[in-house]
Amino acid sequence: MSLQYPHGSSLIPFDPSCAPRVRGLETHLHKPSPDEFALRFVLDADVQRLRIPEIRAPRRVDELWLHTCFELFVRKSGDTAGYYELNVSPSTEWALYSFDGYRQNRALMEPVRPPHVRVNRDDNVLLLDVDLDLQGFPHGDEVAPAAFLEQVDGDLSHWALRHVSDRPDFHHPAGFSRLYGGIIDTRSVCPDHQ
């Protein structure tokens, strides 16, 4: 499937001094249907100086966030605190979780189709595409893309559209933004559903 992605949104590091090898990280989101999310992360960096796992067979794996990992949080609906968390590794491994509220009652999810992950990389760019189908799971149009990038020394940098607390916290309700026509409105801060 060849998609035309709308304008990208830049993710920013929580602590810029922890990401010296990264020139930029953008995310692009497209909704080919009401239940599908097509997500692209474009990492502009000295890729050789980051720990990027080798591609493996796609499968569910927990704790992907301990290493380089790209994430998408999707609110269940505009009037609930519940949300989903997708973790995707450049290895093509993935995990999908459901939460009832802010970090509450994490449960593994079994999507109708596993996320489809594609990775392309060279010395300066890593491109990660993900197709996620949330058919059968109620969801709204509030999202929060994020990433963990691991340096070769093992240090992690934390990337999000915005950082809303005094420590990295991708789950925070104020970190979600609204989708309008497939474009993430980075100016919108969603209501606090805690």
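Observations, loosely collected:
- Where GluC sites (Glu not before Pro) in DSSP loops with at most 16 other Cβ within 10 Å are excluded, longest remaining stretch of the chain: 64-194
- Backbone HN-Hα couplings from phi across segment 69-78 [Karplus 6.51/-1.76/1.60, Hz, Gly and Pro as x]: 7, 10, 9, 9, 9, 10, 5, 5, 6, x
- Listed values for segment 14-23 are Karplus-derived 3J(HN,Hα) couplings in whole Hz (6.51 cos²θ - 1.76 cosθ + 1.60, θ = phi - 60°), namely 4, 10, x, 5, 8, 10, x, 8, 10, 8, and x replaces Gly and Pro.
- Per-selection Kirkwood Rh - segment 9-185 (Cα, Å, 1 d.p.): 16.2 Å
- Working from Cα pairs under 8 Å separated by at least six residues, relative contact order for segment 9-185 is 27 percent.
- Couplings for segment 141-157, taken from phi via the Karplus curve 6.51 cos²θ - 1.76 cosθ + 1.60 with θ = phi - 60°, read 10, 10, 9, 8, x, 7, 7, 10, 10, 9, 6, 5, 7, x, 5, 10, 10 Hz in order; Gly and Pro are left as x.
- Inter-probe distance in nm under a simple model that places probes 7 Å from Cα toward Cβ, at Arg59 and Asn120: 2.8 nm
- Sites Asp46 and Val112, calculated FRET efficiency, Cβ-Cβ separation with R0 30 Å, nearest 0.05: 0.20
- Cβ-based net charge around Arg23, under 9 Å, with every Lys or Arg adding one and every Asp or Glu removing one: -1
- Cα lying deepest toward the dipole's positive end in segment 91-145, options Val125, Trp94, Asn105, charges on Cβ: Asn105
- Around Leu64: net Lys/Arg minus Asp/Glu count, Cβ-Cβ under 9 Å: -4
- Under 20 Å from the Asp15 label point (7 Å along Cα→beta-carbon), backbone N, segment 51-68: 51, 65-68
- Gain on full stretching of the segment that runs from Arg162 to Asp100 - 0.36 nm per residue minus C-alpha separation: 20.1 nm
Where a number appears in this text, it was derived from the coordinates with a stated rule and is not lab data. As the structure is a computational prediction, the values presented were derived from the model and not from experiment. A quick note on method: Cβ atoms are made from the backbone with ideal geometry, for glycine too, and the neighbour counts reach across all protein chains shown.
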